[in-house]
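S.K.: Structure in structure tokens, see below.
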Amino acid sequence: QVQVVESGGGLVQAGGSLGLSCTASGIIFGINAMSWHRQAPGEQRELVATITNSGVTDYADFVQGRFTISRSNAGNTVYLQMNSLKPEDTAVYYCKAQIAGMDYWGKGTLVTVSS
């Protein structure tokens, strides 16, 4: 059974930095891609950044130049380095692993950016 677990959320002041990590375990075959999503209170969940198994990355326009997604050599851990944080970045951040056509979600980690 696949498990996806995020860590690293917390409270940070506007302009500060925070790093998130996510590990997928219980995998037999390769991961196609991993991604970070976020959901603010009262809002829909939105894609933040994606990294494929070949290392290709993609970002939402609202985090371009501020956030960086990366992964471990083994490919089952993904990181999100968040710099120049803004109050509007406050949300629960979720990690998703795409494996053999299936999506596996973590339970999320809360990021709060104070003004």
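S.K.: So which residues in the stretch 103-115 are in a strand (DSSP E or B), over 15 Å from G10 (Cα atoms) and touching a residue at least 40 places away in the same chain (Cβ under 8 Å)?
M.R.: Y104, W105
S.K.: Before we move on, is N83 under 19 Å from S114 (Cβ atoms) and in contact (Cβ under 8 Å) with a residue 60 or more places away in the chain?
M.R.: yes
S.K.: Would you confirm whether or not the stretch 61-71 contains a residue that is surrounded by fewer than 19 Cβ atoms within 10 Å (Cβ to Cβ), among the acidic types (D, E) and assigned to a strand (DSSP E or B)?
M.R.: No, the stretch 61-71 contains no residue that is surrounded by fewer than 19 Cβ atoms within 10 Å (Cβ to Cβ), among the acidic types (D, E) and assigned to a strand (DSSP E or B).
S.K.: Also, I was wondering about something else. Of all residues in the stretch 40-56 being open to solvent by 60 Å² or more (accessible area, probe 1.4 Å) and of a type in the set (S, T, N, Q), which is farthest from A100 (Cα to Cα)?
M.R.: It comes out as Q44.
S.K.: Hey, another quick one. Which residues, taken from the stretch 72-97, are open to solvent by 60 Å² or more (accessible area, probe 1.4 Å) and either within 15 Å of G9 (Cβ to Cβ) or not basic (K, R) (or both)?
M.R.: N73, A74, Y79, Q81, S84, E88
S.K.: Could you list, in sequence order, the residues of the stretch 4-52 that are free of Cβ contacts under 8 Å to residues at least 24 places away in the same chain, in a strand (DSSP E or B) and over 17 Å from G65 (Cα atoms)?
M.R.: E46, T52
The values are calculated or read from the model by the stated rules, or taken from the named source; none is laboratory data. What you see is a predicted model, and the numbers here were worked out from it, not measured in a lab. Cβ sites come from the backbone with ideal geometry, for glycine too, and all protein chains shown count toward neighbours. Just so you know, the surface numbers come from the protein's heavy atoms only, side chains and all, with ligands and any DNA or RNA stripped out. Shrake-Rupley method; radii C 1.70, N 1.55, O 1.52, S 1.80 Å.
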